[in-house]
Ligand SMILES: [Zn+2]
């Protein structure tokens, strides 16, 4: 999908089995492989004895059972949710009912901007519209548990309510779907916004965590280097789009064919939305123009001045 990022596809973990990639961090992968989820969504267990769960995962009885099995004889005191896509949060009610834990997140699912007249919520099926946290966290808030503390780090872009969680004692971060080792993150309007996404990457670049635990795929061991690659990749995509528009007005499908070489056909729709996310940002910044609000079927040209 992109050849300028040193991707890592090595994740040797069977669905619904537990491993411990770092002392105090256990993980269990749901059996929901796919073009957007890699081998499956990862749920994490933080601490020992009195623990937190990060991202309970999809509403899948086998995964919920495996997660509860993994914490048998322990107490789940906290549930943290990185964002409200349907592969991350719908298991929350079952885990909460079984454990009595308090649920923390940035907030309910919401779009990054108001919908335009006539616009469909294209990825509506991907949002967990029922999710409500018990506690809404603000950027920088620290939640202390038994032997661990978690700092909330707002990271909008993939979704408006995306929150990463820094595990202070281990200098690690549960990064959700914001940065992944196996593929670039999807930024799809109206749930996602490219300007927010870039701002969140730049914010992460200033932090000191050395390892990221993502929602999908292997841990990222050189976190700051990886964030730098992600920033460069997004800037290169933007440059490719501007370069293509420099040859004349065109539409999003044409741009996708020109710049996503060798794309998995199942990802064509997501690639189009990713280009739309860039277009929204470029129109806002006055570099590109289109007729009316930026749309998936719009015609785009460089701003003529
Ligand atoms: Zn997601």
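Derivation of every value follows stated rules applied to the coordinates shown; laboratory data play no part. What you see is a predicted model, and the numbers here were worked out from it, not measured in a lab. Cβ placement follows ideal geometry from the backbone for every residue including glycine, while neighbour counts extend to all protein chains displayed.
Helix 194-205 sits at what angle to the longest principal axis of the chain, using alpha carbons and giving 0 to 90 degrees rounded to 10?
50
Using a simple spin-label model with points 7 Å from Cα along the Cα→Cβ vector, what separation in nm is obtained for residue 135 and residue 231?
With each label placed 7 Å out from Cα toward Cβ, I get 3.2 nm.
Just need the relative contact order of region 50-109 here, percent rounded to a whole number, with Cα pairs under 8 Å and 6+ apart. Display every interim value, and only then the final one.
Details: 102 pairs, mean separation 24.6, N = 60.
Computed value for region 50-109: 41 percent relative contact order.
Express the C-alpha Rg of region 150-243 as a ratio against the empirical globular expectation 2.2 N^0.38 Å, rounded to two decimals. Before the final figure, lay out each step's value.
Numbers: Rg = 12.7 Å, N = 94, 2.2 N^0.38 = 12.4 Å.
Region 150-243 yields a ratio of 1.03.
Between region 167-245 and region 90-105, what is the separation of their alpha carbon centroids in Å?
Using only Cα atoms to place each centre, the spacing works out to 27 Å.
Determine by what factor the alpha-carbon radius of gyration of the chain differs from 2.2 N^0.38 Å, reporting the quotient. Walk me through the numbers before you get to the answer.
Numbers: Rg = 19.4 Å, N = 305, 2.2 N^0.38 = 19.3 Å.
Ratio of Rg to 2.2 N^0.38 Å for the chain: 1.00.
How many nm is it between the label spots at residue 261 and residue 31, if each spot is 7 Å from the Cα in line with the beta carbon?
Simple spin-label model gives 4.0 nm for this pair.
Tell me the mean residue ellipticity at 222 nm calculated for the chain from its helices only (DSSP H runs of n ≥ 4, each -39500 (n - 2.57), averaged over every residue, nearest 500). Please report the intermediate quantities before stating the final value.
Values: 6 runs with 78 residues, N = 305.
The helix-only estimate for the chain comes to -8000 deg cm²/dmol at 222 nm.
Take the alpha carbon gyration tensor of region 1-66, find the square roots of its eigenvalues, order them as a ≥ b ≥ c, and report rounded if a/c is under 1.5; if not, report prolate when a/b exceeds b/c, else oblate.
Numbers: a/c = 2.35, a/b = 1.44, b/c = 1.63.
Because a/c hits 1.5 or more and a/b fails to exceed b/c, region 1-66 counts as oblate.
If I take every Cα pair under 8 Å that is 6 or more residues apart in the chain, average their sequence separation and divide by the length, what percent do I get for the relative contact order? List each step's numbers first, then the result.
On the way: 653 pairs, mean separation 44.3, N = 305.
Across the chain, relative contact order equals 15 percent.
Helix 268-284 versus the longest principal axis of the chain: what is the Cα-based angle in degrees, 0 to 90, to the nearest 10?
Relative to the chain, helix 268-284 is tipped by roughly 70 degrees.
If the label point is 7 Å along Cα→Cβ of residue 117, which residues in region 272-305 have backbone nitrogen under 14 Å from it?
292-293
Measure off 7 Å from each Cα along the Cα-to-Cβ vector at residue 247 and residue 224, then give the distance between these two points in nanometres to one decimal.
3.9
Beta carbons within 10 angstrom, averaged per residue: use that to sort the peptides 169-180, 103-114, 33-44, highest first. Intermediate results must be reported in sequence, preceding the final value.
Numbers: 169-180: 23.5, 103-114: 18.7, 33-44: 21.1.
Highest-to-lowest ranking by the protection proxy: 169-180, 33-44, 103-114.
Over region 178-222, what is the mean sequence separation of C-alpha contacts under 8 Å (at least six apart), divided by residue count, expressed as relative contact order in percent? Working shown, then result.
On the way: 33 pairs, mean separation 21.8, N = 45.
RCO, region 178-222: 48 percent.
Distance from a point 7 Å along Cα→Cβ of residue 168 to each backbone N in region 138-156: keep the residues under 19 Å and list them by number.
138-155
Based on alpha-carbon positions alone, could you give the equivalent ellipsoid semi-axes of region 74-187 from the gyration tensor, as √(5λ), descending, whole Å?
Working: eigenvalues 128, 59, 32 Å².
Values for region 74-187, descending: 25, 17, 13 Å.
Please work out the Kirkwood hydrodynamic radius for region 1-156, using every pair of different C-alpha atoms, and report it in angstroms with one decimal place. Intermediate values should be presented prior to the final figure.
Values: mean 1/r = 0.0601 Å⁻¹.
For region 1-156, the Kirkwood estimate is 16.6 Å.
In Å, what Kirkwood hydrodynamic radius results for region 123-163 from the alpha-carbon pair distances?
Details: mean 1/r = 0.0826 Å⁻¹.
That comes to 12.1 Å for region 123-163.
Which of the peptides 84-97, 134-147 is most tightly packed, and how do the rest follow, going by the mean number of other Cβ atoms within 10 Å of each residue? Intermediate results must be reported in sequence, preceding the final value.
Working: 84-97: 22.1, 134-147: 13.5.
The most tightly packed comes first, giving 84-97, 134-147.
What's the extension gain from residue 205 to residue 297 if we count 0.36 nm per residue and subtract their Cα-Cα distance?
Details: separation 92, 0.36 × 92 = 33.12 nm, distance 3.41 nm.
So the chain would gain 29.7 nm between residue 205 and residue 297.
Measure nothing but the geometry: give the 0 to 90° angle between the long axis through the Cα atoms of 223-245 and the longest principal axis through the Cα atoms of the chain, rounded to 10°.
That works out to roughly 20 degrees.
Mind grabbing the base-10 log of I(q)/I(0) for region 66-114 at q = 0.14, 0.29, 0.31 Å⁻¹? Debye formula, identical points on the C-alpha positions, no solvent, two decimal places.
-0.40, -1.22, -1.30
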